Amino acid sequence: MITSTRRTRRGLAVIAAAAGALALGLVPAVSASALTPPPVFSYLDAATRQALVANADGTPIAPALAPTALVPVGYRSYSYDVSQDGDTIVEALCGGTAAVCNDNPIGSHYDGTYGLVVTHRSGATVTSHLVSNVWNANPVLSADGATVTWLLEAPYDYNAPTAPRAVSVYQYDVASGVTTLLPVTTFAALADETVIRLAVSPDGLDAAAVYSDAGQSNGRVYAAPLATVPDVYFEKTYGTASVQPDTSTFVFTKDDTLLYAEADTTLAAPPLTVVSALVPSVAPHSAVTVVNPALKDFYDIRLASSGTWWMWKDRLVGAPATTVSAAYSTTDANLATNTSVAPTLLGDRSNGDTTLRYVPSAVAPPALTAPVDNRAAAHPALALAASVALYGRRVPYISYNLYLKDLPGYAYSLDNAVEVDRGTLQSSIDGLVFRDAVTTTGTQSFWVPSKSDYYFGNTPVLARNTWFRWVFKGNLFTAAGTSRVLKVAVVPIVSAKVLRSGTKRTVYGAATRKSGTAVLYRMVGTKLVKVAVATLTTRGAYTFGKRTLVRGTYKVVTIADKYWGAGSSARFAV
């Protein structure tokens, strides 16, 4: 993956991202104009991966002093979409730090939680609803904010790694809160492919997807009606050529016309070429794609209002030249194939180098500030490597939380559920009052050969019987939960010594526990015969006093109670 600024700028897609880059070209100055009223723009900031909203030039929407965050601190947006009126927004979210949501270090994505969340404003009332915890590519919200469409790949089959994977198409109705699995079977990912971008036609009848292989060197664009077995479709496969489909622009400009970008991946700053393809109503299935030269190097081409489109392009301004992201507008007519009408420059924004996925709306969309009304249920689990442990030892443990909002055909199960490993191991010395003991993360797992399993951490050093539970504290779209309580019986270490005094013997020693009872036993064959009883001091010391002991083998045992397991000294001779 090329790590240029432009590559980073357009690399943010849901779960699996397509890489790309934008050229830093000189753009001739054009007379400025503006829509009446101009829309505001939501966008992603690559530096923080937060979704924000501001005016077209990047200035805050009054009376705010900074661009408005659409999600709280601690949440990251992979992708999102906003209705034209701004009253509805869908966001593909990760709950966690930037490192967690970027999977850095590797494996840390298990420390985050994930959810597609729809936030809707009706007058002064704002509601948020969890749509799904699993998805691929970006969710698409219809322009009127009525429906959300997204894709979900079938889990990877390790027994059939080269087999195509089914891709389900889901739609969520914002008004009713009902999710429907559409009877579509043709959006399957081929072997070694992942779907990375989705577009839906204005009438909601057609969809298109971009696919890429693991090396991002074999792309494919596919568009078809959202029907069970469509008899018409558009498909273009890019093979191993340097030109690949790009996700910076991927949108239906009409019900039957898909507009998307291509980039030459062999170049350090690959220029974008925007092409349009007609989804055929009759055969042949591979419709001709035509380059639109006026849209070269533009990205985020989005419908702002009926007949008016907004888009972005990098340009150099000033001396010395500074790269800025510039806003432009055009009309339906100028998006027609082979047009040469240049879009109109509307203004620059200084933070263009780190922003992407611009989406215009009439007003700022509602921010997610409170838990959704249907948080995914928590299913926390805790397992200990041992239920009995020696004083001063630690016990490895396994802990995690499984969660999933049920979908049609994709109900909660151990195979389907999403896992989060970040949580808190709590301990108690009476089984009633628990305190935080260890923070668990998904990056600290280790292999225990004797158990043939991976564990997520070790308990604190054990000094007496201890009860444990593991807690997932929940967040905006996943409910809190607490695992079952497990007890570890702690065995004290017992020492024994013998002091000779004529014919008398004094057996004494200590145990790594406070108070309690110690018993002196003589071994008679395989049986233990009680000889004497002593009380442990508050420091764990004991003595059985001077006494006559017959010759034989002895040992000292401390009696188990609520606070300790039974302890035993080594055998000794008298």
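The values are calculated or read from the model by the stated rules, or taken from the named source; none is laboratory data. Since we're looking at a predicted model, the values are computed, not measured. In this analysis, Cβ positions are derived from the backbone assuming ideal geometry, glycine residues included, and neighbour counts consider all displayed protein chains. We work out accessible area using only protein heavy atoms, side chains counted, and drop any ligands, DNA or RNA first. Shrake-Rupley method; radii C 1.70, N 1.55, O 1.52, S 1.80 Å.
Tabulated results
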{"quantity": "Thr194 being open to solvent by less than 60 Å² (accessible area, probe 1.4 Å), modelled with pLDDT under 95 and part of a strand (DSSP E or B)", "calculated": "yes"}
{"quantity": "Candidate set from segment 291-312 (those that are open to solvent by 40 Å² or more (accessible area, probe 1.4 Å) and in a strand (DSSP E or B)); member that is modelled with the lowest pLDDT", "calculated": "Val291"}
{"quantity": "Matching option when the condition is touching a Lys or Arg at 6+ places or on another chain (Cβ under 6 Å) and open to solvent by 50 Å² or more (accessible area, probe 1.4 Å), among Thr237, Thr185, Thr228, Thr180", "calculated": "Thr237"}
{"quantity": "Flag for Thr443 being farther than 27 Å from Ala560 by Cβ, in contact with a helix residue (DSSP H, G or I) (Cβ under 9 Å, 6 or more places away or on another chain) and open to solvent by 60 Å² or more (accessible area, probe 1.4 Å)", "calculated": "yes"}
{"quantity": "Qualifying positions in segment 50-73 - within 27 Å of the chain's Cα centre (by Cα) and crowded, with 16+ Cβ neighbours inside 10 Å", "calculated": "Gln50, Ala51, Leu52, Val53, Ala54, Pro67, Thr68, Ala69, Leu70, Val71"}
{"quantity": "Matching residues in segment 127-149 - criterion: being closer than 15 Å to Asp406 by Cα and either open to solvent by less than 20 Å² (accessible area, probe 1.4 Å) or part of a loop (DSSP other than H, G, I, E, B) (or both)", "calculated": "Leu130, Val131, Ser132, Asn133, Val134, Trp135"}
{"quantity": "Unique residue being acidic (Asp, Glu), crowded, with 17+ Cβ neighbours inside 10 Å and either closer than 30 Å to Thr369 by Cα or over 21 Å from the mean Cα position of the chain (by Cα) (or both) when the list is Asp406, Asp421", "calculated": "Asp421"}
{"quantity": "Index of the failed condition, Val100 passing every other in (1) open to solvent by less than 70 Å² (accessible area, probe 1.4 Å); (2) out of contact with any helix residue (DSSP H, G or I) (no Cβ under 6 Å at 6 or more places or on another chain); (3) modelled with pLDDT of 70 or more", "calculated": "(2)"}
{"quantity": "Residues satisfying the stated conditions in segment 337-368, i.e. open to solvent by 30 Å² or more (accessible area, probe 1.4 Å), closer than 17 Å to Ser305 by Cα and either in contact with a Pro (Cβ under 7 Å, 6 or more places away or on another chain) or modelled with pLDDT under 85 (or both)", "calculated": "Ala362"}
{"quantity": "Hits in segment 497-517 - residues which are hydrophobic (A, V, I, L, M, F, W, C) and over 30 Å from Asn458 (Cβ atoms)", "calculated": "Val498, Leu499, Val507"}
{"quantity": "Of all residues making up segment 262-289, the number that are modelled with pLDDT of 85 or more and either surrounded by fewer than 16 Cβ atoms within 10 Å (Cβ to Cβ) or charged (D, E, K, R) (or both)", "calculated": "2"}
{"quantity": "Leading residue by the ranking (farthest from Ser325 (Cα to Cα)) among those in segment 52-77 that are part of a strand (DSSP E or B) and among the aliphatic types (A, V, I, L, M)", "calculated": "Ala69"}
{"quantity": "3 or more residues out of contact with any Phe, Trp or Tyr (no Cβ under 8 Å at 6 or more places or on another chain): qualifying strands (runs of 3 or more DSSP E) within segment 210-269", "calculated": "243-254, 257-264"}
{"quantity": "Options Tyr170, Tyr156: the member that is more than 22 Å from Ala46 (Cβ to Cβ) and either more than 20 Å from the chain's Cα centre (by Cα) or modelled with pLDDT under 90 (or both)", "calculated": "Tyr156"}
{"quantity": "Pair list, Cβ under 9 Å, 6 or more apart: segment 122-134 residue at positive phi, other residue open to solvent by less than 70 Å² (accessible area, probe 1.4 Å) and assigned to a loop (DSSP other than H, G, I, E, B)", "calculated": "none"}
{"quantity": "Long-range neighbours under 6 Å by Cβ, at least six apart or interchain, first residue without any contact (Cβ under 8 Å) to a residue 40 or more places away in the chain within segment 163-185, second open to solvent by 60 Å² or more (accessible area, probe 1.4 Å)", "calculated": "Pro164/Leu190; Gln171/Thr180"}
